[in-house]
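Input: a single structure, listed below in structure tokens.
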Amino acid sequence: MSTEHQPTTNSQQPTASRKRRDLTRFALALVGLLLLNFLAGLFFFRLDLTEEKRYTMSGATRQLLSGLKQPVTVTVYLDGDFPPAFRRLQQSVRETLNEMQVYGGANLHYVFVDPSAAGTEKARNEYYQALFKKGLRPTNLGATENGKRTEKIIFPWATVAAGGKEQQVLLLRGNQAAPSDVRLNQSIEGLEYELASAIRKLNPGSRKRIGVVEGHGELSNQEAGDLIGSLSQFYDVFRVNLAQSRPRICVRSAP
């Protein structure tokens, strides 16, 4: 009686092993990407390679945000689909607010709104009118899509609200006579200052006092109205009449 043995080949074993190894690597890479995305959502990081540190948040702004005494909400009216140039402004505003949140913590919130997203034309026009009443003026944004010239109304503004008060922030600034790309760059560079200035006006305890002297031929309140008005946006301004003020003299006897 003879017994026949069928030859066994190991050609399929390396193939199966290779597939398992590839699947394992793919699974590990996928888990790594998900973990990296999760960590990126927890931590904000922006590398400033400019020589003058143009995009590094100033110490004064960091101190202001760290010392917020009440919740601050920033509503940005720049949500929606924009041409590449305006997407830069949109993204720069988002990045600036993300960095501000790092220092403002739970007291700083922001939201992006598309004023044109209303379901009906009537609702959209009513929303426009509400923004007009706040002093927000729109800009006509021209773009070419599929060979056709289109116009879109945008509101390059933000509203900073705290303690029942609001400050409006124009996000598209710069020299209006300059080319559009230059003006856009100037606006992006000034985002921190504009937003921080609005927050400072609403933050109690951050306003310092400035005394404007009078009584020796200085300008009156009417004559210095522009100066006092500008200072009042950031400081508590009061007049000091030197002719009526009595100097305090401290006399110390020698030991």
Quiz item: Going by average Cβ neighbours within 10 Å, how do the peptides 179-191, 94-106 rank, with the highest at the top?
Solution: 94-106, 179-191
Self-check item: Table column - 3J(HN,Hα) (Hz), region 166-179, Karplus curve with 6.51, -1.76, 1.60, x for Gly and Pro
Solution: 9, 10, 9, 10, 7, 8, 9, 10, x, 6, 5, 7, 7, x
Quiz item: What accessible surface, in Å², does a 1.4 Å probe find on residue 24, ignoring ligands, DNA and RNA and rounding to the nearest 10?
Solution: 80
Quiz item: Label residue 88 and residue 165 with points 7 Å out from Cα along Cα→Cβ: what is the distance between them in nm?
Solution: 3.5
Quiz item: For region 134-141, what does the Karplus curve 6.51 cos²θ - 1.76 cosθ + 1.60, with θ = phi - 60°, yield as ³J(HN,Hα) per residue in whole Hz, taken in order and with x for Gly and Pro?
Solution: 7, x, 8, 9, x, 10, 7, 9
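The values are calculated or read from the model by the stated rules, or taken from the named source; none is laboratory data. The structure displayed is predicted, hence computed values, not measured ones. Please note: Cβ atoms are built from the backbone with ideal geometry, for glycine as well, and neighbour counts cover all protein chains shown. The accessibility values were calculated without ligands, DNA or RNA, using every heavy atom of the protein model including side chains. Shrake-Rupley method; radii C 1.70, N 1.55, O 1.52, S 1.80 Å.
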